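Engineer: What follows is a single structure, and I will ask about it in a moment.
The values are calculated or read from the model by the stated rules, or taken from the named source; none is laboratory data. Being a predicted model, the structure only gives us computed values, none of them experimental. No Cβ is skipped: glycine too gets one built from the backbone with ideal geometry, and neighbour counts run over all protein chains shown. Note: areas computed on protein heavy atoms with side chains; ligands, DNA, RNA excluded. Shrake-Rupley method; radii C 1.70, N 1.55, O 1.52, S 1.80 Å.
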Amino acid sequence: MTDIYLKGLIEEVLYVWAEPISIDEISKILYDYSKVDIKKSLEEMIKEREDLDSGLIIRNFNGLYQFTTRKASDKYFESLLSKSEKKLTNSTLETLSIIAYKQPITRVEIDKIRGVNSQSTIDSLIDKKLITEKGRLDKIGKPIIYGTTAEFLKYFNLNSLKDLPEIRIDNNED
């Protein structure tokens, strides 16, 4: 079996899976191939598609791979794909920003920063799959800790959390 055949199999997995998928998951599906070979092929495929200006590109969302369209082509597909169900309000964006920059973080910590109860906003972000429960703290009450998801990275067109803009705080108090 050739590298071209493996690349074809990977394309098929990415197409059928449709959601971001890890190399571990791909290797379970393509069990005849090593993770090293799959990763190497994926990296080559990403470069090849970039070099060819291919319509579909492969994006790496923090170790999860997915076929996507080019950002420059979005204007042609806006009418096909409505993001209205995922429109984010100011309070949702505020809460999401806090989680993105401070994760892992509890609801109480979010509430303290915002000054209001954030439970309904957190529930909305979970429904939109932009955040998820990452576990519980080993404290009284075992509070849930939250963090962002691959869907968050995809929604904001980020490869990883390192791509978040730097926050500058101006402490000039005149």
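Engineer: Among (1) in a loop (DSSP other than H, G, I, E, B); (2) open to solvent by less than 30 Å² (accessible area, probe 1.4 Å), where does residue 95 come up short?
Structural biologist: (1)
Engineer: Turning to a different aspect of this structure: Could you check residue 166 against (1) open to solvent by 40 Å² or more (accessible area, probe 1.4 Å); (2) free of Cβ contacts under 8 Å to residues at least 12 places away in the same chain; (3) among the acidic types (Asp, Glu); (4) farther than 21 Å from residue 61 by Cβ and say which number it fails?
Structural biologist: All conditions pass for residue 166, except number (4).
Engineer: Would you tally the residues in segment 18-56 being of a type in the set (Phe, Trp, Tyr) and either open to solvent by less than 100 Å² (accessible area, probe 1.4 Å) or touching a residue at least 24 places away in the same chain (Cβ under 8 Å) (or both)? Before the answer, list the steps.
Structural biologist: Residues of segment 18-56 of a type in the set (Phe, Trp, Tyr): 31, 33.
Restricting the remaining residues to those that are either open to solvent by less than 100 Å² (accessible area, probe 1.4 Å) or touching a residue at least 24 places away in the same chain (Cβ under 8 Å) (or both) gives 33.
Total satisfying the criteria: 1.
Engineer: Here is a list of conditions, (1) of a type outside the set (A, V, I, L, M); (2) free of Cβ contacts under 8 Å to residues at least 24 places away in the same chain; (3) within 22 Å of residue 66 (Cα to Cα), and residue 141 meets all of them except one; can you say which number that is?
Structural biologist: The single condition residue 141 does not satisfy is (3).
Engineer: Restricting to segment 7-17, give me the number of residues that are under 22 Å from the mean Cα position of the chain (by Cα) and open to solvent by 20 Å² or more (accessible area, probe 1.4 Å). Steps first, please.
Structural biologist: We begin by selecting, within segment 7-17, every residue under 22 Å from the mean Cα position of the chain (by Cα); these are 10-17.
Narrowing further to those that are open to solvent by 20 Å² or more (accessible area, probe 1.4 Å): 11-12, 15-17.
Number of matching residues: 5.
Engineer: Another question, if that's okay. Going residue by residue through segment 117-134, is there one that turns out to be in contact (Cβ under 8 Å) with a residue 60 or more places away in the chain, under 16 Å from the mean Cα position of the chain (by Cα) and within 23 Å of residue 59 (Cβ to Cβ)? Break it down into steps so the answer makes sense when it comes.
Structural biologist: The first filter runs over segment 117-134 and keeps only residues in contact (Cβ under 8 Å) with a residue 60 or more places away in the chain, leaving none.
No: segment 117-134 contains no residue that is in contact (Cβ under 8 Å) with a residue 60 or more places away in the chain, under 16 Å from the mean Cα position of the chain (by Cα) and within 23 Å of residue 59 (Cβ to Cβ).
Engineer: Of all residues in segment 74-92 being of a type outside the set (Lys, Arg), exposed (fewer than 13 other Cβ atoms within 10 Å of the Cβ) and part of a helix (DSSP H, G or I), which is modelled with the highest pLDDT? Spell out how you get there, then give the answer.
Structural biologist: Looking only at segment 74-92, we keep the residues that are of a type outside the set (Lys, Arg), and these are 74, 76-82, 84-85, 88-92.
Remaining after also requiring exposed (fewer than 13 other Cβ atoms within 10 Å of the Cβ): 74, 76-82, 84-85, 89-90.
Checking which are part of a helix (DSSP H, G or I) leaves us with 74, 76-77, 84-85, 90.
Numbers: 74: 78, 76: 82, 77: 77, 84: 48, 85: 53, 90: 86.
So the residue we want is 90.
Engineer: Something else: Working carefully through the options 22, 91, find the one that is among the polar types (S, T, N, Q), under 16 Å from the mean Cα position of the chain (by Cα) and under 30 Å from residue 136 (Cβ atoms). Explain how you work it out, then say what you get.
Structural biologist: Numbers: 91 fails: under 16 Å from the mean Cα position of the chain (by Cα).
After ruling out the rest, the residue left standing is 22.
Engineer: So, one more: Output the residue which, of all residues in segment 112-128 that are under 12 Å from residue 146 (Cβ atoms) and either open to solvent by 20 Å² or more (accessible area, probe 1.4 Å) or part of a helix (DSSP H, G or I) (or both), is modelled with the lowest pLDDT. Let's see the steps before the verdict.
Structural biologist: Our first condition is that a residue be under 12 Å from residue 146 (Cβ atoms); within segment 112-128, this holds for 118-119, 121-123, 125-126.
Okay, now just the ones that are also either open to solvent by 20 Å² or more (accessible area, probe 1.4 Å) or part of a helix (DSSP H, G or I) (or both), so 119, 121-123, 125-126.
Working: 119: 88, 121: 91, 122: 93, 123: 91, 125: 93, 126: 93.
Looking at residues that are under 12 Å from residue 146 (Cβ atoms) and either open to solvent by 20 Å² or more (accessible area, probe 1.4 Å) or part of a helix (DSSP H, G or I) (or both), I get 119.
Engineer: Would you call residue 4 open to solvent by 80 Å² or more (accessible area, probe 1.4 Å), of a type in the set (A, V, I, L, M) and not in a loop (DSSP other than H, G, I, E, B)?
Structural biologist: Working: open to solvent by 80 Å² or more (accessible area, probe 1.4 Å): yes; of a type in the set (A, V, I, L, M): yes; not in a loop (DSSP other than H, G, I, E, B): yes.
Answer is yes for this residue.
Engineer: Within the set of pairs 6+ apart or on separate chains, which have a first residue in segment 147-160 that is on the phi < 0 side of the Ramachandran plot and outside any helix (DSSP H, G or I), a second that is among the charged types (D, E, K, R) and surrounded by 13 or more Cβ atoms within 10 Å (Cβ to Cβ), and C-beta atoms under 6 Å apart?
Structural biologist: Short answer, once both residue conditions are applied: 147/134; 149/129.
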